[in-house]
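**Student:** One structure, as structure tokens, below. Some questions next.
The values are calculated or read from the model by the stated rules, or taken from the named source; none is laboratory data. Here the structure is a predicted model, which means the values were calculated and not measured. No Cβ is skipped: glycine too gets one built from the backbone with ideal geometry, and neighbour counts run over all protein chains shown.
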Amino acid sequence: MTSSIAVQERKFHFISGLPRSGSTLLSGILLQNPRFHAGMSSPVASLCNAVLGQVSASSEFASVVSRDKRRALLRGLFDSYYQDAGREVVFDTSRSWCARMPLVRDLFPEAKVIACVRSVAWIMDSFERLYRANPYEHTRLFGSAGARGTVTSRLEGLGQHDGTVGHPWAALREAFYGEHASSLLLVDYELLARAPAKVMPLIYDFLGEPHFEHDFDNVDYDAEEFDTRLGAPGLHKVRARVEYKPRQTIIPPDLFDRFNKMSFWTDTAGSAANVIAPQSAQQGKQA
């Protein structure tokens, strides 16, 4: 039975971090473990925000919904949404979890947050390639026709504080330097793609889960219908074989240099976060 896992026995962890940085790849790998449920971004984080908007200070109902009741309502969202997951460990994915670390820690004290990261310059390059590969689409990744006009406007729009890249970046920085950083693990996309057999055991150790032998030549994940509706075909498609393919950037050098300086996690001074990244880039502790 798909509902055989008792609610109180199910464990929750979270996948967050930056877009185009391997979260879908990581989910595809984790799914090979029969104990794990993982996938692309879910609506649970948005549902939590919507419920809080109806019962907290901005609402007329705030006075009749106690803090404990609010907590129970939000916990109930997780239990209801994943009631048919049928697996012991659930990974919920959302870019916004890094900005809600106090909430995550209160709802699930033992939960861990895995944040996928990558040079912001290469994230921008990836989005630009996706845009150019679909010249007959007005993708919803950009808010207006003006924002889609040139490579400069596209990348600057993505990097705005409320943009597709800018908001997750700010949320990650908040979590990285925050009081709950010890429950956060940053995983570098390039290292995961180059050496998955070395990275995955470190992730399992961080989660406190027994190791599992993954098949890195047969990872399968796609969300074709979702990506098509977004106007970004291929956004969540994962190649079967986990490998890193170096390439030349297609964005102007000045833009690449500017965004390349945004990788704050390469220096872990002042943070209790755990980081899995190339040794040469690290000045602090490794996971």
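**Student:** Looking at (1) surrounded by 22 or more Cβ atoms within 10 Å (Cβ to Cβ); (2) under 30 Å from F256 (Cβ atoms), which is the only condition S96 fails?
**Tutor:** (1)
**Student:** Another one. Considering F206, F256, F212, which residue is modelled with pLDDT of 95 or more, part of a loop (DSSP other than H, G, I, E, B) and not β-branched (V, I, T)? First the steps, then the outcome.
**Tutor:** Values: F206 fails: part of a loop (DSSP other than H, G, I, E, B); F256 fails: part of a loop (DSSP other than H, G, I, E, B).
After applying the criteria, what remains is F212.
**Student:** Checking S153 against (1) more than 17 Å from the chain's Cα centre (by Cα); (2) under 16 Å from N33 (Cβ atoms), which single condition isn't satisfied?
**Tutor:** Of (1) more than 17 Å from the chain's Cα centre (by Cα); (2) under 16 Å from N33 (Cβ atoms), only one is false for S153: (2).
**Student:** Sort out which residues of segment 112-132 are assigned to a strand (DSSP E or B) and under 19 Å from R258 (Cβ atoms), and write them in order of number.
**Tutor:** Kept after step one, since they are assigned to a strand (DSSP E or B), are these residues of segment 112-132: 113-117.
Matches in segment 112-132: V117 only.
**Student:** Turning to a different aspect of this structure: Step by step: first the residues of segment 1-24, then only those that are modelled with pLDDT of 85 or more and part of a helix (DSSP H, G or I), then the one that is surrounded by the most Cβ atoms within 10 Å (Cβ to Cβ). Which residue is that?
**Tutor:** S23
**Student:** Do the conditions hold for L77, that is, is it in a helix (DSSP H, G or I) and over 28 Å from V199 (Cα atoms)?
**Tutor:** Numbers: in a helix (DSSP H, G or I): yes; over 28 Å from V199 (Cα atoms): yes.
Yes: the conditions hold for L77.
**Student:** Which one is surrounded by the most Cβ atoms within 10 Å (Cβ to Cβ) among residues in segment 57-79 that are without any contact (Cβ under 8 Å) to a residue 24 or more places away in the chain and under 19 Å from W97 (Cα atoms)? Give the steps one after another, and end with the answer.
**Tutor:** First pass over segment 57-79, keeping only residues without any contact (Cβ under 8 Å) to a residue 24 or more places away in the chain: 57-70, 72-73, 76.
Now drop any that are not under 19 Å from W97 (Cα atoms), which leaves 70, 72-73, 76.
Values: R70: 17, A72: 11, L73: 15, G76: 12.
Among those residues, the one meeting the criterion is R70.
**Student:** Could you please find all residues in segment 132-153 being at pLDDT 85 or above, closer than 21 Å to D254 by Cα and among the hydrophobic types (A, V, I, L, M, F, W, C)?
**Tutor:** Matches in segment 132-153: V151 only.
**Student:** Let me ask another. Being surrounded by fewer than 21 Cβ atoms within 10 Å (Cβ to Cβ) and in a loop (DSSP other than H, G, I, E, B) is the filter here; which residues of segment 25-53 pass it?
**Tutor:** Across segment 25-53, the qualifying residues are L31, Q32, N33, P34, R35, G39, M40, S42, P43.
**Student:** Kindly indicate whether any position in segment 164-171 is farther than 22 Å from L25 by Cβ and part of a helix (DSSP H, G or I). Full working, then the answer.
**Tutor:** If we filter segment 164-171 for residues that are farther than 22 Å from L25 by Cβ, which is where we start, we get 166, 170.
Right, trim to part of a helix (DSSP H, G or I) and you get 166, 170.
Checking segment 164-171: at least one residue is farther than 22 Å from L25 by Cβ and part of a helix (DSSP H, G or I).
**Student:** Of the residues A111, A147, A193, A121, which single one is without any contact (Cβ under 8 Å) to a residue 24 or more places away in the chain, surrounded by 15 or more Cβ atoms within 10 Å (Cβ to Cβ) and out of contact with any Cys (no Cβ under 9 Å at 6 or more places or on another chain)? Can you show your working first?
**Tutor:** Values: A111 fails: without any contact (Cβ under 8 Å) to a residue 24 or more places away in the chain; A193 fails: without any contact (Cβ under 8 Å) to a residue 24 or more places away in the chain; A121 fails: without any contact (Cβ under 8 Å) to a residue 24 or more places away in the chain.
Of A111, A147, A193, A121, the one residue that is without any contact (Cβ under 8 Å) to a residue 24 or more places away in the chain, surrounded by 15 or more Cβ atoms within 10 Å (Cβ to Cβ) and out of contact with any Cys (no Cβ under 9 Å at 6 or more places or on another chain) is A147.
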